[in-house]
Every structure is written in structure tokens, then in C-alpha cells.
Amino acid sequence: MITLYYKPLSCSLAVHIALRELDLPFELVAVTQDGDAKLAGGADYLAVHPLGAVPAVTLGDGSVMAEAGVILEYLPLLAEGSTLAPRPGDADYWEFRQLMNFIATDIHKNYGPLFIPGVPDTVKPVWLNRMAKRFDHLSARIAAQGALLARGYSVANIYFYVMLLWCSYVGVDLARWPVLAEYFERLSARIAVREALEIERP
């Protein structure tokens, strides 16, 4: 059994979706991050993950893994026959690793300033200028092959889906990228996505 420590609609949503897509047995434990990181019942989440960040997962052997991108790359290895990620030795394995790192470092981390209370509105245009080229790049990939990888739907698509979901929370209109808007709606219709959102949306 895998335990996913999550905060609703944070990047841990990508791991939640992936667990459902892979049909792996798991349980959810919510983390409160308004001040001290606490679990339901008041237990200290820092005892699980010293940085207090989500996601983290406790695996069947009791070990703890953190960082959304790393967890997303690892989980498909646990599901026999999964096609949600290339395996080492596959022709597109390093292309996949490049995409995952690109999403983590060039997109995910660029959201950081927008979620810090008190950050002035002048930050948003600066962020959008940085992100526009990155969204253009991934939009072109999806337009060419229907997904981020030619093999089709993968955990990279799931990770990027959550990044696009956040656009609505920071006032960015996906209509600027019609391909991404259509891609977002297409993934929103997936059963695993709908089930995860039903739990995590207030």
C-alpha cells in the first residue's frame, strides 16, 4: 500500500491522478500547510518529510520518496505493463526524462512567486513573459503528436495538466494557446482526473 501525503490541488494532484491511472493501491493523507505542517489528528508531518512539502509518498517497504517529478517517474515502474512512462533502455527514455525535468524546473518552479501572499501584481506579466515561450514549446509538441511524447499519454502529460490547471488560479487565459486549451479539456475528461478532482476540489 502506498500512502500519498497531499494538499488539495497542489502538485501532489499529479501523483494522485497517476496512482489512479496505474490502478495502484493507495491511501490519501491530507497535509495542512497553513503554518506548521500537520496531518489529520494533529500529527507532525515533518516527521514524514522534514521539509514539510508535498507530495511525499510512503512506499510498501516504509521508505519515503518526495518531489513530484521523481515520484511520477517511479510509480509506473511498480505497475506491470504500464505505458505511462518509458523504461530505461527504451528509445524515448531520455526524451521523457528531459521533458519531466523541463516541466519541473522551467514551469513548475516558475509558479512559486505567484502563490506567495503579498507578491505584487506586477510580478504576473514578468511570469507570463517567462512562461509564454515554454507554453509555446509544449503546445507545438502536442500539436504535432497529440501528446508530449509520441508514445501518447504519459505521466509527463499528467504533470503538465496540473500546471495548466493552475493557470485559472493566477488569472492566465489558456485561450492564448488553443492547442493547450483543447488538451486541457481532453485530459479533464479522463476518469482518473475526474475522480481525483472530485476529492480534492473544495
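Which of the listed residues, Leu174, Ala104, Leu24, is farthest toward the dipole's positive end in the chain, when Lys, Arg count +1 and Asp, Glu count -1 at the beta-carbon?
Leu174
If you rank Val57, Val29, Val70 by fewest surrounding Cβ atoms within 10 Å, what's the result? Working shown, then result.
On the way: Val57 24, Val29 17, Val70 14.
So the residues, fewest neighbours to most, are Val70, Val29, Val57.
Read phi for every residue in the stretch 44-52 and hand back ³J(HN,Hα) as whole Hz from Karplus 6.51 cos²θ - 1.76 cosθ + 1.60, θ = phi - 60°, with x for Gly and Pro.
7, 5, 4, 6, 8, 9, x, 7, x
What ranking do His16, His137 get, fewest neighbouring Cβ atoms within 10 angstrom at the top? Present the calculation step by step, with values, prior to reporting the outcome.
Details: His16 26, His137 12.
Arranged by neighbour count, lowest to highest, His16, His137 become His137, His16.
Would you work out the relative contact order for the chain, in percent, from Cα pairs under 8 angstrom that are 6 or more residues apart?
Values: 233 pairs, mean separation 43.9, N = 202.
Here the relative contact order equals 22 percent.
Per the helix-only calculation at 222 nm, which mean residue ellipticity applies to the chain, given -39500 (n - 2.57) for every DSSP H run of n ≥ 4 and division by its residues, nearest 500 deg cm²/dmol? Display every interim value, and only then the final one.
Values: 7 runs with 83 residues, N = 202.
After summing the helix terms and dividing by the residues of the chain, the value is -12500 deg cm²/dmol.
If you bin the C-alpha pair distances of the chain every 5 Å from 0, what whole percents do you get?
So the P(r) values, bin by bin, are 1, 7, 15, 19, 20, 17, 11, 6, 2, 0.
Taking R0 as 25 Å, what FRET efficiency do you get between Val123 and Ala175 from their Cβ-Cβ distance, rounded to the nearest 0.05? Walk me through the intermediate numbers first.
Numbers: r = 22 Å, r/R0 = 0.87.
Plugging the Cβ-Cβ distance into 1/(1 + (r/R0)^6) gives 0.70.
Within the stretch 77-185, report the GluC sites (Glu not before Pro) that DSSP leaves as loop and that have at most 16 other Cβ atoms within 10 Å. Before the final figure, lay out the partial values.
Numbers: sites: Glu80, Glu95, Glu182, Glu185; in loops: Glu80.
For GluC sites (Glu not before Pro) across the stretch 77-185 that sit outside H, G, I, E and B with at most 16 neighbouring Cβ atoms in 10 Å, the list reads Glu80.
Using Cα pairs closer than 8 Å and at least 6 residues apart in sequence, work out the relative contact order for the stretch 93-190, in percent. Write out the running numbers ahead of the final one.
Values: 53 pairs, mean separation 25.9, N = 98.
Rounded, it is 26 percent for the stretch 93-190.
Using the Karplus curve 6.51 cos²θ - 1.76 cosθ + 1.60 with θ = phi - 60°, work out ³J(HN,Hα) for each residue of the stretch 153-158 in order, rounded to whole Hz, and write x for Gly and Pro.
My calculation for the stretch 153-158 gives 4, 8, 5, 5, 5, 5 Hz in order.
Please state the charge dipole magnitude for the chain, taken about the Cα centre, from unit charges on C-beta atoms (+1 on K and R, -1 on D and E), reported in debye and rounded to the nearest 20. Walk me through the numbers before you get to the answer.
Details: 17 positive and 22 negative charges, 117 e Å.
Here the size comes out at about 560 debye.
Throughout, read-outs are computed from the coordinates displayed, never taken from laboratory work. Predicted, not measured: the structure shown is a model, and the values here were computed from it. Cβ atoms come from the backbone with ideal geometry, glycine included; neighbour counts cover every protein chain shown.
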